[in-house]
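For reference, the structure is listed below as structure tokens.
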Amino acid sequence: MNELINLSYTINSLDLISAGDISEDVSNQLERLHISPETIRRCSLALYEGEINMIIHANGGTVQISVDDTKTITVVLKDSGHGIENIEEAMQNGFTTIPQDSSIHKKGFGAGQGLSNMAKYSDYIDIQSTLDVGTTVTMIFK
């Protein structure tokens with residue numbers, strides 16, 4: 001299979017002002033490839049959740065996006081944060097490690113929807129995490 005596009009981005013820690021910029025740019029790129037609006041919507045929502053998670057939990061990281069000639073979208077989010085202690089627990093809707101009295105939570109973030117929404121909107125998700133090393137999330141959209 002040939003790649004139609006291959007995009008790379010960097011996410012900075014605690015940069016809530018830029019949150020959503022990557023998912024917006026990716027949406028625009030996918031529109032140019034005539035990806036279906038529903039697939040773009042699902043990819044954008046999942047990617048946005050990943051951006052937010054990396055900003056508030058993981059000290060930033062990198063995003064790699066590729067689209068092959070079957071128009072399958074692969075998203076790889078990689079960080080060198082503290083890792084996820086219990087992936088199954090973290091996948092539960094509403095689970096969060098953000099304290100209720102934190103400034104992040106007071107801004108409306110950290111509600112525990114990130115990983116569960118990423119799984120909900122993607123056709124495939126794989127989460128690999130090692131404590132004190134980081135986390136890699138791979139999502140596929142068909």
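The values are calculated or read from the model by the stated rules, or taken from the named source; none is laboratory data. Every value quoted in this text rests on a predicted model; they were computed, and no experiment measured them. Cβ sites come from the backbone with ideal geometry, for glycine too, and all protein chains shown count toward neighbours. Quick note on the areas: whole protein, heavy atoms, side chains included, nothing else; ligands and nucleic acids left out. Shrake-Rupley method; radii C 1.70, N 1.55, O 1.52, S 1.80 Å.
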Check: Count of lysine pairs in the chain with Cα atoms under 30 Å apart, counting only pairs 8 or more residues apart in sequence or on different chains?
Finding: 9
Check: In the neighborhood of MET118, defined by Cβ-to-Cβ distances under 13 Å, what is the net charge if each Lys or Arg adds +1 and each Asp or Glu adds -1?
Finding: -2
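In percent, what relative contact order does the chain have, based on Cα pairs under 8 Å that are 6 or more apart in sequence?
Numbers: 276 pairs, mean separation 39.2, N = 142.
RCO, the chain: 28 percent.
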Next item on the list: With +1 on each Lys and Arg Cβ and -1 on each Asp and Glu Cβ, and nothing else charged, work out how big the dipole of the chain is about its Cα centre, in Debye to the nearest 20.
Entry: 280 debye
Next item on the list: Report, to the nearest 10°, how far helix 37-57 tilts away from the longest principal axis of the Cα atoms in the chain, using its own Cα long axis and a range of 0 to 90°.
Entry: 30 degrees
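Taking R0 as 25 Å, what's the FRET efficiency between LEU45 and ILE87 from their Cβ-Cβ distance, rounded to 0.05?
0.80
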Notebook entry, point to check: Counting only protein heavy atoms, what percent of the accessible surface of the chain is carbon or sulfur at a 1.4 Å probe?
Noted result: 48 percent
Note to self: What translational diffusion coefficient, to the nearest whole µm²/s, does the chain have by Stokes-Einstein, given a Kirkwood radius computed over alpha-carbon pairs, a temperature of 25 °C and 0.890 mPa s viscosity?
What the structure shows: 162 µm²/s
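I need the semi-axes of the equivalent ellipsoid of segment 26-83: take the C-alpha gyration tensor, multiply each eigenvalue by 5, square-root it, list largest first in whole angstrom. Walk me through the numbers on the way to the answer.
Values: eigenvalues 117, 27, 12 Å².
They are 24, 12, 8 Å, listed largest first.
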Margin query: If I model a spin label at ASP68 and THR136 as a point 7 Å from the Cα along the Cα→Cβ vector, what separation in nanometres do I get?
Written below: 1.7 nm
Item checked: Max mean-square fluctuation residue, GNM over the chain, Cα-Cα springs under 10 Å, options VAL75, VAL63, VAL26 -> VAL26
Notebook entry, point to check: Does anyone have the angle between helix 21-32 and the longest principal axis of the chain? Alpha-carbon axes, 0 to 90°, nearest 10?
Noted result: 20 degrees
